[in-house]
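Here is the structure we will look at, set down as structure tokens.
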Amino acid sequence: MNFLNQMKKGETYSFKEEQTYKTIRNVNEPHLAFLLLLDTSTSMGSKVGMKTKIQLLNEAIARLKAQMMMDEFAASRVDIAVVEFNSGARVVCDWVPLSEFKAPVLEAEGMTSMGEGGNLAIDMVKERRRFYKEMGTPSYAGHIFMITDGEPNDDTTRLKQRIAEEDAKDPSKCKMKWFSCAVPGADENFLAGLSKRKVALDSHDFGKMFNWIGQSLVIVSNSKVGENPQLPALPEGMRVVPSDW
């Protein structure tokens, strides 16, 4: 009998491949690769009231896990990773099951290498879905949520092409869904041309945005693989451009 079939629900399997540790829980259930792509450039260090934008972002990330863990399917099916971009791009948290996620403490510095960060995020989601396939685990389209308060300082040509290729596919066949999430200060005109899924927050209430993100992922993780479920309505204070949602 294959070792995967011998595993009981809830058990964790880890192995080392090319010096990278990979972990997965509940291998026989569908999995959702969820990646937070976060702008941590210098502008995120500016003050909003008594706190900086980066502090408000950190607090919202810390609350996200508790919100999603309340749903049985999200708790067992969602894997999460975090990438930041400033003067370069860096993996802050490599793929882990949601239950094992520890919210990072991000700091603001540097420029806005959105192109580099976006391409890294897409590479990671595609690699994670290949991993699911190797394990015999069904998977949803990977979800990338990019949150930014600015505009790119680097070349985004390849990133735009990669997002456009996925956006052009039938929703049931795409491998990745990109969401551009703007907060005050972001170049919304640029983001509108980057992807067809774009939301904008009218204030710096990151908690409101993350509540919506969490609700969206719960809906996806409760759906069947290949479905294109309707995401929740945006709360007051958030806006959306026309899309295929």
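Every number here is computed from the coordinates shown, using simple stated rules; none is lab data. Worth saying up front: this structure is predicted, and the values here are computed from it rather than measured. No Cβ is skipped: glycine too gets one built from the backbone with ideal geometry, and neighbour counts run over all protein chains shown.
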Within straight-line cross-link reach of Lys102, aspartates and glutamates at Cα separation under 16 Å, skipping those fewer than 8 residues along the same chain
Glu59, Asp79, Glu84, Asp94
Furthest towards positive pole of dipole, Pro235, Ala66, Gly118, structure part the chain, Cβ charges:
Ala66
Of the listed peptides 73-82, 52-61, what is their order by residue-averaged count of other C-beta atoms within 10 Å, with the highest listed first?
73-82, 52-61
Sticking with the crude label model, points 7 Å out along Cα→Cβ, report the distance from Asp123 to Lys160 in nm, one decimal please.
2.2
Give me the dipole magnitude in Debye, nearest 20, for region 26-240 about the Cα centre, with unit charges on the beta carbon: positive for Lys and Arg, negative for Asp and Glu.
460
My understanding is that a pair violates if its Cα-Cα distance is over 29 Å; which of Lys47/Lys126; Lys51/Lys126; Lys65/Lys133; Lys160/Lys208 do that in this structure?
Lys47/Lys126; Lys51/Lys126
Taking R0 as 30 Å, what's the FRET efficiency between Glu134 and Arg90 from their Cβ-Cβ distance, rounded to 0.05?
0.70
In degrees rounded to 10, the 0-90 angle between helix 157-167 Cα long axis and the longest Cα principal axis of the chain is 50
When you count, for each residue, the other Cβ atoms within 10 Å and take the mean per peptide, how do 26-37, 131-142 rank with the highest first?
26-37, 131-142
Under-5 Å amide H pairs with Ser139, H placed in peptide plane, nonlocal only
His31
Got a sec to turn the phi values of region 70-75 into Karplus ³J(HN,Hα) couplings, 6.51 cos²θ - 1.76 cosθ + 1.60 with θ = phi - 60°, whole Hz, x for Gly and Pro?
6, 9, 4, 6, 4, 4
I'd like the FRET efficiency for Ser172 and Ala192, computed as 1/(1 + (r/R0)^6) with the beta carbon distance as r and R0 of 22 Å, rounded to 0.05.
0.30
Taking the structure as given and computing Rg and Dmax of the Cα atoms in Å, which label from (i) 17.3, 60; (ii) 18.9, 59; (iii) 21.4, 70 fits?
(i)
Using θ = phi - 60° and Karplus 6.51 cos²θ - 1.76 cosθ + 1.60, couplings along region 81-97 (whole Hz; Gly, Pro as x):
9, 10, 10, 10, 9, 9, 6, x, 10, 8, 7, 7, 9, 6, 4, 9, x
Spin-label pair Lys47/Ala62, simplified geometry with 7 Å Cα→Cβ offset, distance in nm:
2.1
Say the dipole of the chain comes from +1 at the beta carbon of Lys and Arg and -1 at that of Asp and Glu; which of Trp212, Ser223, Ala186 then lies farthest toward its positive end?
Ser223
Residue-averaged 222 nm ellipticity for the chain, from DSSP H runs of 4+ at -39500 (n - 2.57), nearest 500:
-10500 deg cm²/dmol
